[in-house]
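Reading through the structure tokens given below for one structure.
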Amino acid sequence: MNSRRLFCALASAAALLTCELPAAANAPDVDATPIDPEIRAMVDAVSPTQLRAFDTGLLAFGTRNTFSERLHDPKRGVLAARNWIKAQFEQIAATSNGRLRVSFDDYIQPKTDRTPRAVLISSVIATLKGDDPTGRTYVLSSHYDSRNSNGDDAVKDAPGADDNGSGVSCVLEAARIMASHRFRATIIFAAYDGEEQGLFGSAHHAKRLHDSGARIEGNLNNDIIGASVGHDAEQTPADVRLFSEALSTSANPQRINLIGGENDSPSRELARYVKTVSEAYVPPMHADLIYRSDRFLRGGDQQSFAAQGFAAVRFVEVHENYDHQHQDVRVENGIQYGDLQRYMDFDYLARVTKMNVAALAALALGPATPQHVEMVNKQLGYATTLRWSIVPNATSYEIVWRDTTTPLWQGVMDAGQRTTATVKMGKDDSIFGVRAVDAQGHRTPAVFPVPVKE
């Protein structure tokens, strides 16, 4: 099978769906995204000026190192910054008609091999209640702690303008814009503590969500998203990296690996969706799909969600400048070190924030992802039968496919309101997925079918 398949058409009066494969044709616009005026308005409301104001507010605390929690200074340190973030969320909550609730997620983190002592971890969690009675939820996250050359140093300045004032500013700005809107899904806006010491805050929160049975359908994490110029003056003002991992240890990898689904984990499907939707709303921005959980020798809070079996992705700028990360503020051999605001590009940060808002709003306004998606394997043959459960608020379903060596969906077929459909395409040479569509044209991420024998 090649990449020039055309879309399939419904057979006239049967559940059988047939694929026509013309000899020469362009690939269909499989992920054409209908532009929702409500989402468009939210995207357009993102303000570089407001993002700069949020980032400036965070810088005012000098250091946000996790171990500065003993300073007890209302104007300096991690807890002073935490209280300021909470105050920002509470101001935003006033526009939500009581639907946005703000709280701390506190616990004492014991000493580890990497840390000098036990420490209070205090994350800020703002929950915007959705209308879906199932409680399905999306998490937009960042971390607000910062560090200098010594990760345990609670005394010297650690401004953290980009790492990760940029991510926190994105989350606050998204909350500011989205709090007055109603969504089907619940949205959690999170600013985590203790990321630099070992993903402490996000690990605690993600486990608590898992253990409570929360229906988390996706995590969009933002960490180091505010600079468009790299170490050697490389400029990428229209690109951002989007990391996603294949299979976490909790995702039953043995079963999926055997059927060739390594590249179709929930996180990978979420990444494809986020790329498609965000690029449609924020041209000319481009999300580079990076098929890794994160960078080498680094990590991010999305990994805490993936470890609990939740779909999770991370935004990060393309060309990081390590002179401005995890560094004491100083000039050495004529080089300025330190994570200072002068290196931020707030127009770039605004574009990445717009991408987050577009994807998050589309996910939360749309229907739930299909459940119990299966590929029926009764016998050898030349067609593929898929089935799935009814999705509330879905008016139709789509089957998508691509070659096994291709990263993005190449073909799409409207299955109408059916929950079982047969495609006249061989299952051995293609990857399939099923997604739900509502009356407004909001699509879900595709869901990879698990083969079942009957």
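The values are calculated or read from the model by the stated rules, or taken from the named source; none is laboratory data. Quantities reported herein were computed from a predicted structural model and do not represent experimental measurements. All Cβ positions, even for glycine, are placed from backbone atoms using ideal geometry, and neighbour counts span all protein chains on display. Accessible surface areas use protein heavy atoms only, side chains included; no ligands, DNA or RNA. Shrake-Rupley method; radii C 1.70, N 1.55, O 1.52, S 1.80 Å.
What to note about this one:
- Residue identified as buried (at least 22 other Cβ atoms within 10 Å of the Cβ) and modelled with pLDDT of 95 or more among Ala361, Ala368: Ala361
- Failed item in (1) outside any helix (DSSP H, G or I); (2) over 17 Å from the mean Cα position of the chain (by Cα); (3) polar (S, T, N, Q), with Gln197 passing the rest: (1)
- Leu128 being surrounded by 18 or more Cβ atoms within 10 Å (Cβ to Cβ) and within 22 Å of Gln50 (Cβ to Cβ): yes
Residue by residue, here is whether (1) at pLDDT 95 or above; (2) of a type in the set (Ser, Thr, Tyr); (3) in contact with an Asp or Glu (Cβ under 9 Å, 6 or more places away or on another chain); (4) open to solvent by 10 Å² or more (accessible area, probe 1.4 Å) holds:
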site: Glu195; (1), (2), (3), (4): yes, no, yes, yes
site: Val240; (1), (2), (3), (4): yes, no, yes, no
site: Gln254; (1), (2), (3), (4): no, no, no, yes
site: Ile259; (1), (2), (3), (4): no, no, no, yes
site: Ala271; (1), (2), (3), (4): yes, no, no, no
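- Counting only strands (runs of 3 or more DSSP E) wholly contained in region 290-355, the ones carrying 3 or more residues that are open to solvent by less than 20 Å² (accessible area, probe 1.4 Å) and in contact with a strand residue (DSSP E or B) (Cβ under 6 Å, 6 or more places away or on another chain) occupy 312-316.
- Only one entry in Glu245, Glu234 is open to solvent by 10 Å² or more (accessible area, probe 1.4 Å), charged (D, E, K, R) and either over 14 Å from the mean Cα position of the chain (by Cα) or modelled with pLDDT of 95 or more (or both), namely Glu234.
- Scanning region 94-125 for residues that are over 15 Å from Ala203 (Cβ atoms), charged (D, E, K, R) and surrounded by fewer than 18 Cβ atoms within 10 Å (Cβ to Cβ) yields Arg101, Lys111, Asp113, Arg117.
- Unique match (being of a type in the set (Gly, Ala, Ser), farther than 22 Å from Val229 by Cα and modelled with pLDDT under 95) among Ser304, Ser293: Ser293
- Residue among Ser142, Ser103 that is small (Gly, Ala, Ser) and either touching a helix residue (DSSP H, G or I) at 6+ places or on another chain (Cβ under 7 Å) or within 23 Å of Asp55 (Cβ to Cβ) (or both): Ser142
- If the condition is being closer than 28 Å to Asp36 by Cβ, in contact (Cβ under 8 Å) with a residue 40 or more places away in the chain, in a loop (DSSP other than H, G, I, E, B) and hydrophobic (A, V, I, L, M, F, W, C), then region 356-396 contributes Ala368, Val373, Trp388, Val391, Ala394.
- Residue ID - least open to solvent (accessible area, probe 1.4 Å), chosen from residues in region 147-161 that are of a type in the set (A, V, I, L, M, F, W, C) and assigned to a loop (DSSP other than H, G, I, E, B): Ala161
- Residues in region 131-146 that are over 18 Å from the mean Cα position of the chain (by Cα) and either under 30 Å from Pro392 (Cα atoms) or open to solvent by 10 Å² or more (accessible area, probe 1.4 Å) (or both): Asp131, Asp132, Pro133, Thr134, Gly135.
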